[in-house]
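Right, one structure below, let's go through it.
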Amino acid sequence: MIDGVTTYGSTDLLEKLQGSNDSVFILTIGTTDTSLMEGLSGAGPSAELTIYTPASDAEFMVLGEVRCCEAPAETVVGDAAAPTPARLTKASLQLAKIPFVIIDAGSKIKPDVEYVSLGKEYGRDIRTGKGVLNPLEIFENAKDLGGELSRRHEILVIGESIAAGTTTALGVLRALGYDANEKVSGSMPHNPHDMKTKVVDEGLKNAGLDPNKDDIDAIQAIGAVGDPTLPAIAGIVLGSEIPVILAGGTQMAAVCAIIKSIQPTFDFSRINLATTVFVAGDETADLFGILKQIDENITVNVVDPRFEESEHEGLKNYLKGFVKEGAGAGGAMFTALVLGNSVEKLRKKIEKVCK
């Protein structure tokens, strides 16, 4: 038992992580023009500024400051902004002394830090039916990267930063035939399911795809209604030969669906999901319901940082349904706790980074 972590499934990978001193965190960034729709995503102070969120998260992770825009992409809630989850991730990695790399799967705004590029195209509005112009290129480059990283490390922890990522996750899940309507999470207390469903329906129609009639493969699904981070993360997993922690919620469920589509015999005991209690307990979504459709052997680790005990007002907005997850925060906190840090020590570190 690890204080602050609840595991649903096998503890084998958790035990491997406890015995490892060579893990690496990967922040995969990307953009989708889908996020520019007003009211769809809360991953930023306004819809038009959501395209800066991934780059600003990467810059804050590396530099402790933001250069691509005036301020970090915080979600404004009353008098106290809900801190970007990149702050939670940065604090966790610092506490546990875990190295990290930035992977650009396809961003409109590039971060002013060193990163590995998997493709030159950013994600388009999925309503066009052409959400990702180069999904196979991103996937193949990511596979090569996954192989290289697995030769250097013992465990990979992979997170993502992309606004409107739950909508593109819904798109890919739907295209691959899963029952996902009203099951993906969101970054606001009010989850705009009707809007997400309508966006995906329009994208599938314009792509000429009907999941009820067509045999749609993962690359087709991503190209039509996905985003660049999805083939990137799936490629890293399939290219690696070591255990992987998928640091996220329903977007990582979509990654699992992609992996199964590409490699139906994939052994899901090799990966775990690690996310926050804010996603796992989201009453507007159903992470576990999606995962059970994909494979019953997918283990989920849920982290509770106990923000109700925090002195930071912005962090308490997570308790109200804002933000919930992102930038691999759940997986980074999970890793820090597994490596021997207490929940209180982790929370204090997060508060310090947020201040």
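Values computed for the structure shown
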quantity	calculated
Violating pairs (Cα-Cα greater than 24 angstrom) within the set K316/K348; K90/K198; K90/K345	K90/K198
Estimated 222 nm signal from helices in the chain, with DSSP H stretches of n ≥ 4 weighted -39500 (n - 2.57), rounded to 500	-12000 deg cm²/dmol
Amide proton proximity set for V116, modelled H, under 5 Å, gap of 5+	I102, I103, D104
DSSP-loop GluC sites (Glu not before Pro) across segment 255-341, with at most 13 other Cβ within 10 angstrom	E283, E296, E311
Charge sum, other residues only, whose C-beta stays under 12 Å from P264's C-beta, Lys/Arg counted +1 and Asp/Glu -1	-2
Candidates G39, G186, G223, ranked by Gaussian network fluctuation over the chain, Cα under 10 Å, top entry	G39
Average accessible area per residue (Å²) across segment 56-169 - probe 1.4 Å, nucleic acids and ligands excluded	40 Å²
Loop GluC sites (Glu not before Pro), segment 175-266, which have at most 15 other Cβ atoms in a 10 Å radius of their Cβ (DSSP)	E182, E241
Net lengthening on full extension, D215/R152 (0.36 nm per residue, minus Cα-Cα)	18.9 nm
Student exercise, the chain dipole from Lys, Arg, Asp, Glu Cβ charges, in Debye to nearest 20	400 debye
Rounded to whole Hz, the Karplus (6.51, -1.76, 1.60) HN-Hα couplings of segment 46-58, x for glycine and proline	7, 4, 5, 8, 5, 5, 8, 4, x, 5, 5, 4, 5
Length-normalised contact order for segment 209-355 - Cα pairs under 8 Å, 6+ apart - percent	23 percent
Neighbour-limited loop hits for trypsin sites (Lys or Arg not before Pro), segment 284-316 (at most 16 other Cβ within 10 Å; DSSP other than H, G, I, E, B)	R306
Dipole in debye (nearest 20) - segment 108-241, about Cα centre, beta carbon charges: Lys, Arg +1; Asp, Glu -1	320 debye
Among the listed pairs K292/K355; K97/K196; K130/K355; K108/K205; K110/K320; K320/K349, those beyond 29 Å (Cα-Cα)	K292/K355; K97/K196; K130/K355; K110/K320
Whole-angstrom gap from segment 295-355 to segment 122-187, using each part's C-alpha centre	23 Å
Hz values of 3J(HN,Hα) by residue in segment 101-114 - Karplus curve (6.51, -1.76, 1.60), Gly and Pro given as x	10, 9, 10, 9, 7, x, 10, 6, 9, 8, x, 8, 9, 6
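The values are calculated or read from the model by the stated rules, or taken from the named source; none is laboratory data. Remember, predicted model here, so these are calculated numbers, not experimental data. Neighbour counts run over all protein chains shown; Cβ positions are idealised from the backbone, glycine included. The protein model used for the area step is the full one, side chains on, heavy atoms only, and it has no ligands, DNA or RNA in it. Shrake-Rupley method; radii C 1.70, N 1.55, O 1.52, S 1.80 Å.
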